[in-house]
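K.L.:
Supplied in structure tokens, the structure appears directly below.
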Ligand SMILES: *Cc1c(COP(=O)(O)O)cnc(C)c1O
């Protein structure tokens, strides 16, 4: 059969708000044209993020009731630990309330002034947590990884030559660890090949630098390896995961993604001394080592989520649904980052709205307009999120200007996806009407979450 179906049936439903265009205009004004300020009761299809927005399975909800709320030594923690170890093989598994808590703890130990931490592409919170310790975060994607219109299998890869250059330039002693983000979220949800993980590790071994995976979407990455990388077509998803993690000295994970749950995260490592330091900070700031800031019932849901996420039928549907949306848009000529990645489609705002210069935030303008068209929320990943200013106050744009439509796991049906495609295509067809924007207020770190915008005056 060729028809892609959701490999589940629906047991419980939640109605979604249907709004009209005039109201949506007002909601945007009240939100300072920043979709992060929109209320969910005004959103029809929410594609802001795939993080923590998963629909849990009946078995996970059953686990929530069955959770063991003991402060220490909870049965639910041991189930969680077993499930994570089964996939990652790590010795020390330390729960945190979400991914950035894991990052904050790790970098408060290994970061600091004069330290440099490379990655294929840092996620915004990873970069934020590194820079908060006064360390430097550097991105080393491959050249094709930052070309949105070039099709390749593993555009999430680390550029090994650039990594070597960087290590030689700043010196091994300045690099406490190297990260590798699978899949590469800020780089378009693009996968990293097994070969690239292996080669990154080999290079780091020459210098004795540990490798940590930012493994939020490890299962989606493993699925891409299975369908695209030679030699893995007959391996199970779990075997592929095991091999990916075998090259790493540790990992941070936001389990709000491939944990198929609404909250959670962890740090895992084989380094006992590091694990002891992590646990000390965990107890001071997150909670005891067998819950790390989570309710134990959340650990129960995660334990079940990790079993479900490595199911190949689930992953086929998951990646297929994102591709279905991408294909519909491409067929209408909408410029996208290609190939479509694991968890989202990314509009290429530079080609979508070429009349708006990066410093006037073309992606933000598109995100606002798609909300106006259909009540659909997305997020800009470009100059708003990663733009900087030079010493003269001039705008330094990141390599790509994107608008991300993230697909929550197991939440929306095919007709919801059709609706999203229709709204985006409508905006694309009248794209010359899109106007540039400016920021009228911003925070010092991670400004995109709370920045306030206005449209530029028409000349
Ligand atoms: C979501 C995410 C994080 C941060 O996790 P939170 O749970 O949101 O704190 C870190 N890295 C990547 C690649 C992510 O996608």
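The values are calculated or read from the model by the stated rules, or taken from the named source; none is laboratory data. Please read all numbers here as calculations on a predicted model, not as lab measurements. Because the Cβ atoms are built from the backbone with ideal geometry, glycine has one as well, and the counts that use them run over all protein chains shown.
K.L.:
Under 15 Å from the mean Cα position of the chain (by Cα) and under 24 Å from residue 405 (Cβ atoms): is that true of residue 145 in this structure?
P.N.:
Working: under 15 Å from the mean Cα position of the chain (by Cα): no; under 24 Å from residue 405 (Cβ atoms): yes.
Against the criterion (under 15 Å from the mean Cα position of the chain (by Cα) and under 24 Å from residue 405 (Cβ atoms)), residue 145 does not qualify.
K.L.:
Then there's this: Suppose the filter is in contact with a helix residue (DSSP H, G or I) (Cβ under 6 Å, 6 or more places away or on another chain) and either buried (at least 24 other Cβ atoms within 10 Å of the Cβ) or under 30 Å from residue 443 (Cβ atoms) (or both); does residue 146 pass it?
P.N.:
For residue 146, the condition - in contact with a helix residue (DSSP H, G or I) (Cβ under 6 Å, 6 or more places away or on another chain) and either buried (at least 24 other Cβ atoms within 10 Å of the Cβ) or under 30 Å from residue 443 (Cβ atoms) (or both) - is not met.
K.L.:
Then there is this: Taking the conditions exactly as written (within 16 Å of the ligand (Cβ to nearest atom), within 27 Å of residue 274 (Cβ to Cβ), without any contact (Cβ under 8 Å) to a residue 40 or more places away in the chain and in contact with a strand residue (DSSP E or B) (Cβ under 8 Å, 6 or more places away or on another chain)), does residue 157 satisfy them or not?
P.N.:
yes
K.L.:
Could you tell me which of the residues 294, 347 is at pLDDT 95 or above, outside the structural domain of residue 244 (by TED's automatic domain parsing) and surrounded by 23 or more Cβ atoms within 10 Å (Cβ to Cβ)?
P.N.:
It is 347.
K.L.:
Still on this structure, I have one more. Looking at region 160-192, which of its residues are away from the ligand (no atom under 16 Å from the Cβ) and out of contact with any helix residue (DSSP H, G or I) (no Cβ under 8 Å at 6 or more places or on another chain)?
P.N.:
161, 162, 165, 166, 168, 169, 170, 171, 173, 174
K.L.:
Moving on to the next point. Evaluate the following for residue 196: is it buried (at least 19 other Cβ atoms within 10 Å of the Cβ), touching a helix residue (DSSP H, G or I) at 6+ places or on another chain (Cβ under 7 Å) and not in a loop (DSSP other than H, G, I, E, B)?
P.N.:
It is false that residue 196 is buried (at least 19 other Cβ atoms within 10 Å of the Cβ), touching a helix residue (DSSP H, G or I) at 6+ places or on another chain (Cβ under 7 Å) and not in a loop (DSSP other than H, G, I, E, B).
K.L.:
In region 193-223, how many are within 15 Å of the ligand (Cβ to nearest atom) and over 18 Å from residue 268 (Cβ atoms)?
P.N.:
Looking only at that region, the number is 1.
K.L.:
If a residue must be in contact with a strand residue (DSSP E or B) (Cβ under 6 Å, 6 or more places away or on another chain) and either closer than 18 Å to residue 118 by Cβ or without any contact (Cβ under 8 Å) to a residue 60 or more places away in the chain (or both), how many such residues does region 142-154 contain?
P.N.:
Of the residues in that region, 0 qualify.
K.L.:
I've got another one for you. If you go through region 245-281 one residue at a time, how many are within 16 Å of residue 85 (Cβ to Cβ) and assigned to a loop (DSSP other than H, G, I, E, B)?
P.N.:
Adding up the residues that qualify gives 8.
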